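S.K.: Supplied in structure tokens, the structure appears directly below.
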Amino acid sequence: MSVIVKSQTEIRKMRESGRIVRRVLNAVKQAVAPGVSTMDLEKIAEKKIQELGAKPAFKGYYDYPCVLCTSVNDQIVHGIPNEKRVLKEGDIVSIDCGVVLDGYFGDAAITVPVGKIAPEHAKLLEVTQASLERAIGTMVIGNTVGDIGAAVQELVEKNGFSVVREFVGHGIGTRLHEDPQVPNFGVRGFGQKLKEGMVLAVEPMVNVGRPGARVLDDQWTAVTEDGSFSAHFEHCVAITKDGPVVLTAD
Ligand code: MF3
Ligand code: CO
């Protein structure tokens, strides 16, 4: 496989799917509170996606059962919504959503505190989000995929946290996952060169403790090996002559 570059028309379409993903995430975020189950969040997202005229991207993808991934505390990514997983004060929940509109995909994630959380976990959310913003700053024509990963890794490790290696960002377009892979670690100047028209989903997953991950018996939910909390933020970003354009912004 190789990298598919998008025309301006295609990027405009991806901005529309990205905007829908953001509206879904905003609606779900508002509903996060102690006593709410991750299945309640799934229901809100499913209704919102339909209201906005899009289709969910995750449901049915390799038989994934839901429109959201909801990953709580030590769950890194791909947590499956469940009516028995009721959020409580002090939890953190990552909400990952993808949609397809007129053949083009959007994919984004946020991590949200449930009520008051520990200062270390508040810092985890801040640093993970800042690492995504820092990575986006490197996404100009002529830089490389290694520059993106290095930008994430440097900030995360400087703050004493660690970057998950097993899951990476990706190209996105008429398919949810396209080339290239976009690791959240790397070496400046190495890897694929960034070209005009590339659209990449950048998605740092950051653990408080050690970087190791394992997948639970449900075959989806990835958790930290050491039980420490993990955060996840994701944006789709187009590489343009005018610099990076965040397609999943408000
Ligand atoms: N943002 C995640 C990813 O790109 C979510 C995929 S969930 C899946 O891997 F169900 F679609 F696999
Ligand atoms: Co993604």
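Each reported figure results from applying straightforward, stated rules to the coordinates on display, with no laboratory input. Only a predicted model underlies this, so the values are computations on that prediction, with no experimental measurement involved. When we count neighbours, we look across all protein chains shown, and the Cβ atoms used for this are built from the backbone with ideal geometry, even at glycine.
S.K.: Treating the beta-carbon of each Lys and Arg as +1 and of each Asp and Glu as -1, no other charges, what is the dipole magnitude of the chain about its Cα centre, to the nearest 20 debye?
M.R.: Details: 28 positive and 32 negative charges, 112 e Å.
In debye, rounded to 20, the chain gives about 540.
S.K.: Measuring from centroid to centroid over Cα atoms, what is the spacing of the range 208-250 and the range 51-79 in Å?
M.R.: 13
S.K.: Moving on to the next point. Starting from the Cα gyration tensor of the chain, multiply each eigenvalue by 5, take the square root, and state the resulting semi-axes largest first in whole Å. Walk me through the numbers on the way to the answer.
M.R.: On the way: eigenvalues 139, 100, 44 Å².
One finds semi-axes of 26, 22, 15 Å for the chain.
S.K.: At a Förster radius of 35 Å, what calculated FRET efficiency corresponds to the Cβ-Cβ distance of S7 and D250, to the nearest 0.05? Walk me through the numbers on the way to the answer.
M.R.: Values: r = 24 Å, r/R0 = 0.69.
About 0.90, to the nearest 0.05.
S.K.: Neighbour counts of other C-beta atoms within 10 Å: give me Y64, Y104 arranged from fewest to most.
M.R.: Details: Y64 17, Y104 24.
The order, fewest Cβ neighbours first, is Y64, Y104.
S.K.: Next question, about the same structure. If you average 1/r across every pair of different Cα atoms in the range 201-250 and take the reciprocal, what Kirkwood value do you get, in Å? Present the calculation step by step, with values, prior to reporting the outcome.
M.R.: Values: mean 1/r = 0.0768 Å⁻¹.
Hydrodynamic radius (Kirkwood, Cα only) of the range 201-250 equals 13.0 Å.
S.K.: So if I place +1 on the C-beta of Lys and Arg and -1 on the C-beta of Asp and Glu, and nothing else carries charge, what would the dipole magnitude of the range 33-79 be about its Cα centre? I want it in debye, nearest 20.
M.R.: On the way: 5 positive and 6 negative charges, 38 e Å.
The calculation lands at about 180 debye.
S.K.: Select from L52, L125, L68 the residue whose mean-square fluctuation is largest in a Gaussian network model of the chain (Cα-Cα springs shorter than 10 Å).
M.R.: In this elastic network of the chain, the residue with the biggest mean-square fluctuation among L52, L125, L68 is L52.
S.K.: Using a 7 Å offset from Cα along Cα-Cβ at E89, what residues in the range 113-127 end up with backbone N under 18 Å from the label point?
M.R.: In the range 113-127, the label zone of E89 (backbone N under 18 Å from the point 7 Å along Cα→Cβ) covers 113-122.
S.K.: Taking only C-alpha pairs under 8 Å that are 6+ residues apart, what is the relative contact order of the range 8-246 in percent? List each step's numbers first, then the result.
M.R.: Working: 619 pairs, mean separation 50.4, N = 239.
21 percent.
S.K.: Largest first and to the nearest Å, give the Cα extent of the range 35-88 along each principal axis.
M.R.: Principal extents (Cα only, largest first): 32, 25, 14 Å.
S.K.: To continue, here is another question. Mind putting together the pair-distance distribution for the range 147-250? All Cα pairs, 10 Å bins, whole percent per bin, short to long.
M.R.: 15, 43, 32, 10, 0
S.K.: Please order K6, K29, K158 by the number of other Cβ within 10 Å, starting at the fewest.
M.R.: Details: K6 22, K29 15, K158 10.
The most exposed by this proxy come first: K158, K29, K6.
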